[in-house]
Amino acid sequence: MASKPASLPEYLSSFGRNRGRSLRPYQQKLVDELLPKLHCHPEAASKEIVKILRLAPQAPLSPIALEIGFGAGEHLLAQARHQPDTLWIGCEPFINGVAKCLAGVDRDGLSNIRLYTRDARELIDALPDACIDSAFILFPDPWPKLRHQKRRLVNHDTLARLARIHKPGGRLLLATDHEDYALWMFEHLRATPHYQWLGECRADWQTPPADWTETKYQRKTSAEGRPPVFLECSRRPA
Ligand SMILES: C[S@@+](CC[C@H](N)C(=O)[O-])C[C@H]1O[C@@H](n2cnc3c(N)ncnc32)[C@H](O)[C@@H]1O
């Protein structure tokens, strides 16, 4: 088991703005009324997860999945609909995206989603060891300029933090449309003791996983000539 990386320096912000245009009245109502019911305070989330783990395997929501940077929540919502017995925790600081995700939760009456609207790493650090089954980091901000690359979310620090809360053998899916970030991800996966890329050839990173849901962001970048790269990985046993 990876030890909690307490001695690492504070991380740099990996996201840009956390607010766009004003929310419409319905979206604001969801943020005011629905979000507090789904929002996980790190401590409360930790308690809920510990409770679920104690009850497992009888607990109805024993598998736990984490999506970091869910944008407007298209992938998160689709997964929560298809896997109603999994507890889906989504992290996203951009409130306009959170509001869109809340609209989906409201429309579909989903009860297996929890949201965290700040930096995912705060929540990760509060969760117990080896508690999540799968994690998704899909199209993280590419920070293309050399001087900004230190802001990239996928780095050795994030992988170590995530590894601590990931069950051995658990799934990690990384995706990006940015060629340089894809190489960066490959290099970090090659160097990390915590995760193993499960692919073997070009087709493996070109082909979306069977449970894949295309997001608006992906449609836009594919139309602009930047096809996605999918890196299916597994948490190595300790
Ligand atoms: C380029 S967008 C992609 C959104 C979504 N995954 C999609 O495919 O449509 C990247 C998202 O990651 C979020 N993000 C970046 N760093 C984050 C962090 N540390 N914790 C949570 N979310 C983060 C950003 O706010 C942004 O919405």
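The values are calculated or read from the model by the stated rules, or taken from the named source; none is laboratory data. None of these values were measured; they are calculated from a predicted model. So basically every Cβ, Gly included, is an ideal-geometry build from the backbone, and we count neighbours across all protein chains shown.
So here's what we get for this one:
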{"item": "Residue list for region 180-206, filter: in contact (Cβ under 8 Å) with a residue 40 or more places away in the chain, touching a strand residue (DSSP E or B) at 6+ places or on another chain (Cβ under 8 Å) and surrounded by fewer than 18 Cβ atoms within 10 Å (Cβ to Cβ)", "result": "Phe186, Gln196"}
{"item": "Every residue from region 201-232 that is farther than 19 Å from Pro140 by Cβ and of a type in the set (Asp, Glu)", "result": "Asp204, Asp211"}
{"item": "Leading residue by the ranking (nearest to the chain's Cα centre (by Cα)) among those in region 120-134 that are within 17 Å of Pro63 (Cβ to Cβ) and not hydrophobic (A, V, I, L, M, F, W, C)", "result": "Ser134"}
{"item": "Cβ pairs under 6 Å, 6+ apart, first in region 213-229 and without any contact (Cβ under 8 Å) to a residue 60 or more places away in the chain and on the phi < 0 side of the Ramachandran plot, second more than 9 Å from the ligand (Cβ to nearest atom) and assigned to a helix (DSSP H, G or I)", "result": "Val229/Ala182; Val229/Trp205"}
{"item": "Selection from region 189-238 of residues that are within 16 Å of the ligand (Cβ to nearest atom) and out of contact with any Phe, Trp or Tyr (no Cβ under 8 Å at 6 or more places or on another chain)", "result": "Asp211, Thr213, Glu214, Lys216, Arg219, Lys220, Ser222, Ala223, Glu224, Arg226, Pro227"}
{"item": "Only listed residue being part of a loop (DSSP other than H, G, I, E, B) and within 16 Å of Tyr217 (Cβ to Cβ), chosen from Gly71, Gly90", "result": "Gly71"}
{"item": "Hey, Leu35 more than 16 Å from the ligand (Cβ to nearest atom), over 16 Å from the mean Cα position of the chain (by Cα), surrounded by 17 or more Cβ atoms within 10 Å (Cβ to Cβ) and touching a residue at least 40 places away in the same chain (Cβ under 8 Å) or not", "result": "no"}
{"item": "Residues being small (Gly, Ala, Ser) and either modelled with pLDDT of 95 or more or within 10 Å of the ligand (Cβ to nearest atom) (or both) - total across region 130-146", "result": "2"}
{"item": "Sole exception among (1) in contact with a Lys or Arg (Cβ under 9 Å, 6 or more places away or on another chain); (2) within 26 Å of Asp141 (Cα to Cα) for Asp108, by number", "result": "(2)"}
{"item": "Leu53 being farther than 23 Å from Arg164 by Cβ and outside any loop (DSSP other than H, G, I, E, B)", "result": "no"}
{"item": "Subset of region 79-129 that is within 11 Å of the ligand (Cβ to nearest atom) and farther than 21 Å from Val31 by Cα - its residue that is surrounded by the fewest Cβ atoms within 10 Å (Cβ to Cβ)", "result": "Arg121"}
{"item": "Test: residue in region 69-78 that is of a type in the set (Asp, Glu), at pLDDT 95 or above and within 16 Å of the ligand (Cβ to nearest atom)", "result": "yes"}
